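Report on the structure given below.
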Amino acid sequence: MNVTIENSCIGCGACESICDAVFHVEAQAEVNSSAIAGNEDCIKEAAGACPVSAIIVE
Ligand code: SF4
């Protein structure tokens, strides 16, 4: 799984609150790639919850 954040991220923090092992939010969300394995379910949940659909899961 590959996870990227688009520039449309508004830094709301929702992804971090749903899946804090993978997402860290300062001005915009950042992805801890080493934590993707094993956290696929909450990554998908965070992508679905992002208000601007900025989390791209491939
Ligand atoms: S939920 Fe979406 S908009 Fe909010 S911080 Fe995460 S990537 Fe950015």
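The values are calculated or read from the model by the stated rules, or taken from the named source; none is laboratory data. All figures in this text were calculated on a predicted structure; none of them were measured in a lab. No Cβ is skipped: glycine too gets one built from the backbone with ideal geometry, and neighbour counts run over all protein chains shown. We work out accessible area using only protein heavy atoms, side chains counted, and drop any ligands, DNA or RNA first. Shrake-Rupley method; radii C 1.70, N 1.55, O 1.52, S 1.80 Å.
Structural remarks
- Where a residue in the stretch 31-58 is under 9 Å from C19 (Cβ atoms) and its partner, wherever it lies, is of a type in the set (F, W, Y) and crowded, with 16+ Cβ neighbours inside 10 Å, with Cβ under 7 Å and at least six apart: A46/F23
- Pair list, Cβ < 8 Å and 6+ apart or interchain, from the stretch 1-26 residues that are among the hydroxyl-bearing types (S, T, Y) to residues that are within 7 Å of the ligand (Cβ to nearest atom) and open to solvent by less than 30 Å² (accessible area, probe 1.4 Å): T4/I55; S8/A54
- If the condition is being more than 8 Å from the ligand (Cβ to nearest atom), aliphatic (A, V, I, L, M) and not in a loop (DSSP other than H, G, I, E, B), then the stretch 1-14 contributes only V3.
- Residues that are within 15 Å of V57 (Cβ to Cβ), near the ligand (Cβ under 9 Å from one of its atoms) and not in a strand (DSSP E or B), drawn from the stretch 15-46: C15, I18, A46
- Subset tally (residues that are within 11 Å of the ligand (Cβ to nearest atom) and within 15 Å of T4 (Cβ to Cβ)) for the stretch 47-58: 7
- Screening V31, V3, V25 for residues that are open to solvent by less than 50 Å² (accessible area, probe 1.4 Å), over 8 Å from the mean Cα position of the chain (by Cα) and of a type in the set (A, V, I, L, M) leaves exactly one candidate, V25.
- Pick from the stretch 47-57, criterion assigned to a loop (DSSP other than H, G, I, E, B) and out of contact with any strand residue (DSSP E or B) (no Cβ under 8 Å at 6 or more places or on another chain), ranking: surrounded by the most Cβ atoms within 10 Å (Cβ to Cβ): C50
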